[in-house]
Every structure is written in structure tokens, then in C-alpha cells.
Amino acid sequence: MVARSHQSWLDLHHEAAAYWIFAAYAAAVILLARGQDAIWAAWAVPAYAVAALTPRRSRSWGVALLTATFAVAVPLLLMLAQGELTDGMAVIERSAALLIRDGTPYLPSWQLSSWLAYNPYLPAMALFGLPNAAGLQGAPGNPQVWLVLVTVAALAGALRTLVPHPVTRCPECRRDLLRWTAFAVACPVMALNLAVTTTDPPVVALLLLALGLANYPERTVAAAAALGLACAMKPTAWLAIPVLAVMLRHRDGMAAALRFTGTTLAFITAATLPAVLAGPVAMVQNTVLFPLGLTRHLTPAQSLTPGDLLARTGPAGHDIAAGLLLAAGLAVAVSLVVRPPRDLRAATWRLAVGLTLMFTLGPAERFGYFIYPLALGGWLVLTRPRGRQTPAPGSGP
């Protein structure tokens, strides 16, 4: 459990050091990247540098908020002003319109004429496009806006689980929550993905919310609901189900683990079953075969991960990469049996390591997916106990 005090790893000294690291990362993006990533970095570098140079006695939640504004909001607004949706947002808008019209967010086989016709997301991701499908125009109908709002709200909810007192009655907790939330949004792991608006931030934020809620046995059902929604958006969150279930089995007993697993699966089923019934073949082609690179039209996106490099060598390399992905999944499963995580930090470590292995070895993985293990690492740092403590048995990765 998190110590119920106002102490946090995010003190003023560590915050300044973190901003310098953020600035160095954004400077590297300017040198190595192009397009929207470079636009983000051009705004982020000065924002991080100013935040790092702010005198310690003047540092407050306002500094973190201004940093998040210039590292996320300003570049996001500039890109929104261009009026062109990214590929992912265009897919979300189309999937929402299809969901309303046909009961499924996926095009049938005979309409999959290019890689852009595929929708690799699970049905709940279409929720971000429903305002536009309902006729809202401008910012209220833009899926990017809703994606950012949901991410910030889920992050605030996750960090709310770390403050020791109700924020409505404790001014210090309220200030801490504002500063932590703004800091988390300003972190390059989130800031870049929010500014250029990828689909991973809300899934990551909901995953962190599930971890924060799972820290309290009485909030297991709420944690399952948050994780179930994340899993109904993208399968990248699925590994958290067995990892957290095993942890809960050892911490709170079998009944808690079954309650958590059942609630999570109920949310996933409720979100995906209508699409499965409306077009099972289309759903498999879009959400399974296309992400694995097994369709006629392949995404042009590439990365330099070992699995992706192997897959690009030909069918044999693709099969090897798929085998390595399967082996990574089996290794995580075996580890849950041989050395089950017995507390939440151990489970978070196991999840971060497992996702890193799977994203590294998979045949169609992208660098952007590493937002998950990086965010989990940041969560571990932010929530680590203060002072010297003896780790509980099974608390390692």
C-alpha cells in the first residue's frame, strides 16, 4: 500500500532534474525526427528548459501546468488548426460512423481496398468518434480533443489514488494532485503522443488508473472496470488481466481474483460482442490479421525493433518473429506460475517487462508501443516507498 503521507518522490529537486531529461529528449527529437514530432519538440524544448530553470522556491503546480500547456496544448492546437486528421483519427471517425450505421466499426472484406481501410482498434475506440458521427463540428466533434480529455481525466484519477486525503478537504493534496497530473501530461512519454494524437494515451492512462485503484482491496471492481475499458480499446492492455489477477489471488484471495477477472471480461464482452455478432470475419481481419501482418494490404509504418526487422526479411522471418512473440507470452505465463507477483509493485514490474519483450519481438510492433512500459516505469518511480524498506517476498520483477 502507498504510505499515507504528503511525501512523494516528485520533490522539487527531482522535478527539476526530470525537466532537464525531458528537454534533452525533446532536443534529440528535433535532430532525429520530422513532421509533427519535430513541431512538438520545437515547443517542448523551451518549455522544459524554463521549467527546469525556475527557482525552487517559486516552483508550484502552476509551473507544471504551464509546461504541460506549451508541451502539449500549444502544438496540439497548431496541428488541429491545419484541419487534417491523422490516419488513426480518420479511422476512428469512420469506425464511429460505421458503428452507428451497421452495428460494427469494421469494413467488410470486399471493401478493404488499402491499408487505410483497416481498423486495427477494438470497438470501444470508436467512442472517441461518436460526437462527430452525431453531427458535432469543430473541436467538440474532433476525436483528438476527446482522446486528450479522457487521457487527462484518467491520469488525474490514477494520481488521485496516491494522495492521502480527500482533495475536497485537503489543500495540500489538491495542490499535489494538480502538480502531479500536469507533470504526467508534460512528460514526453505522454506529451508527444497527446500532441500528435496517437491512440495509446487513453489506454495507458486507464491502465494506470486500474493499477492505482487495485492498490486498495475495496476498489477491485473499479480497477477491473478501468482495465476492461482499456482492453476494449486496444489489446495492448490485455497482459494486465492475468498479471493483476495472479497478484490479487495472492494478496486478497481467490474470490477477489475471480471478481476482478470476471468484471474485466464482462466489460470487454459488452463492448466487443455486438461487433462480433454483426461481422465476425471482418473483426478478425481488422483486429487480428492486419496487426499481425497477415493481410494482403500491409501498413507502411516501420520500426527498427528486432521483430519488425525479422518480419521484413520475408515469410520465414515473419514466422520467426511470430514465434518469438508467442515465446515471450509463454515466458510471462510461466513466470506467473513459478514466481507469482505478490504485491502491486511486483505486478507492475512484471507487466512492464512482459510488454517490453512482446513489443520488441513481435512481427508488427511499433516504437510508439513502448509508451506502455515507459509509463509503467514512471509509475513505479512516482509510487516507490520513501526511505529504506525491506521488500516483500516476490516483490521483484
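The values are calculated or read from the model by the stated rules, or taken from the named source; none is laboratory data. Only a predicted model underlies this, so the values are computations on that prediction, with no experimental measurement involved. Quick reminder, even Gly has a Cβ in these numbers, built from the backbone with ideal geometry, and neighbours come from all protein chains shown.
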Among the candidates Leu324, Leu330, Leu309, Leu357, residue that is out of contact with any helix residue (DSSP H, G or I) (no Cβ under 9 Å at 6 or more places or on another chain), without any contact (Cβ under 8 Å) to a residue 40 or more places away in the chain, part of a helix (DSSP H, G or I) and not hydroxyl-bearing (Ser, Thr, Tyr): Leu330
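Quick grid of which residues meet (1) among the hydrophobic types (A, V, I, L, M, F, W, C); (2) surrounded by fewer than 19 Cβ atoms within 10 Å (Cβ to Cβ):
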{"position": "Arg34", "(1), (2)": "no, yes"}
{"position": "Thr69", "(1), (2)": "no, yes"}
{"position": "Leu77", "(1), (2)": "yes, yes"}
{"position": "Ala96", "(1), (2)": "yes, no"}
{"position": "Thr104", "(1), (2)": "no, no"}
{"position": "Leu107", "(1), (2)": "yes, no"}
{"position": "Trp115", "(1), (2)": "yes, yes"}
{"position": "Pro120", "(1), (2)": "no, no"}
{"position": "Pro123", "(1), (2)": "no, no"}
Leading residue by the ranking (farthest from Val148 (Cα to Cα)) among those in the stretch 59-116 that are among the aromatic types (Phe, Trp, Tyr) and in a helix (DSSP H, G or I): Trp110
Selection within the stretch 293-302 - surrounded by fewer than 16 Cβ atoms within 10 Å (Cβ to Cβ) and either out of contact with any Ser or Thr (no Cβ under 6 Å at 6 or more places or on another chain) or not in a loop (DSSP other than H, G, I, E, B) (or both): Leu294, Arg296, Leu298, Pro300, Ala301, Gln302
Pairs where the first residue, in the stretch 230-258, is within 14 Å of Pro217 (Cβ to Cβ) and the second is among the basic types (Lys, Arg), C-beta under 6 Å, 6+ apart: His250/Arg342; Ala257/Arg249
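When residues of the stretch 259-304 are filtered for being among the hydroxyl-bearing types (Ser, Thr, Tyr), closer than 30 Å to Ala223 by Cβ and touching a residue at least 60 places away in the same chain (Cβ under 8 Å), how many remain?
So the answer is 2.
Residues checked against (1) farther than 19 Å from Pro291 by Cα; (2) touching a strand residue (DSSP E or B) at 6+ places or on another chain (Cβ under 8 Å); (3) surrounded by fewer than 23 Cβ atoms within 10 Å (Cβ to Cβ):
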{"position": "Phe183", "(1), (2), (3)": "yes, no, no"}
{"position": "Ala186", "(1), (2), (3)": "yes, no, no"}
{"position": "Pro201", "(1), (2), (3)": "no, no, no"}
{"position": "Thr220", "(1), (2), (3)": "yes, no, yes"}
{"position": "Ala224", "(1), (2), (3)": "yes, no, no"}
Test: residue in the stretch 203-216 that is free of Cβ contacts under 8 Å to residues at least 60 places away in the same chain, over 29 Å from Ser95 (Cβ atoms), among the hydroxyl-bearing types (Ser, Thr, Tyr) and not in a helix (DSSP H, G or I): no
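Yes/no per residue for (1) over 30 Å from Ala64 (Cβ atoms); (2) at pLDDT 90 or above:
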position	(1), (2)
Asp87	yes, no
Thr104	yes, yes
Leu122	yes, yes
Met125	no, yes
Asn132	yes, yes
Pro166	no, no
Phe183	no, yes
Selection status of Cys187, under 25 Å from Leu66 (Cβ atoms), modelled with pLDDT of 90 or more and not aliphatic (A, V, I, L, M): yes
Among residues of the stretch 19-34, those that are in contact (Cβ under 8 Å) with a residue 24 or more places away in the chain and either closer than 9 Å to Tyr48 by Cα or among the β-branched types (Val, Ile, Thr) (or both), counted: 6
Residue check for Leu130: free of Cβ contacts under 8 Å to residues at least 60 places away in the same chain, surrounded by fewer than 16 Cβ atoms within 10 Å (Cβ to Cβ) and not in a loop (DSSP other than H, G, I, E, B): no
Residues (part of a helix (DSSP H, G or I), in contact (Cβ under 8 Å) with a residue 12 or more places away in the chain and in contact with a Ser or Thr (Cβ under 9 Å, 6 or more places away or on another chain)) located in the stretch 159-177: Leu159, Arg160, Arg175, Asp176
All positions within the stretch 244-278 that are within 22 Å of Leu376 (Cα to Cα) and basic (Lys, Arg): Arg249, Arg251
Residue check for Val148: part of a helix (DSSP H, G or I), under 24 Å from the mean Cα position of the chain (by Cα) and either modelled with pLDDT under 90 or not hydroxyl-bearing (Ser, Thr, Tyr) (or both): yes
Residue within the stretch 336-357 that is of a type in the set (Phe, Trp, Tyr) and over 10 Å from Val243 (Cβ atoms) present: no
Single condition Met247 does not satisfy, out of (1) under 11 Å from Ala124 (Cβ atoms); (2) modelled with pLDDT of 95 or more: (1)
Test: residue in the stretch 247-255 that is under 13 Å from the mean Cα position of the chain (by Cα) and either over 20 Å from Tyr118 (Cα atoms) or in a helix (DSSP H, G or I) (or both): no
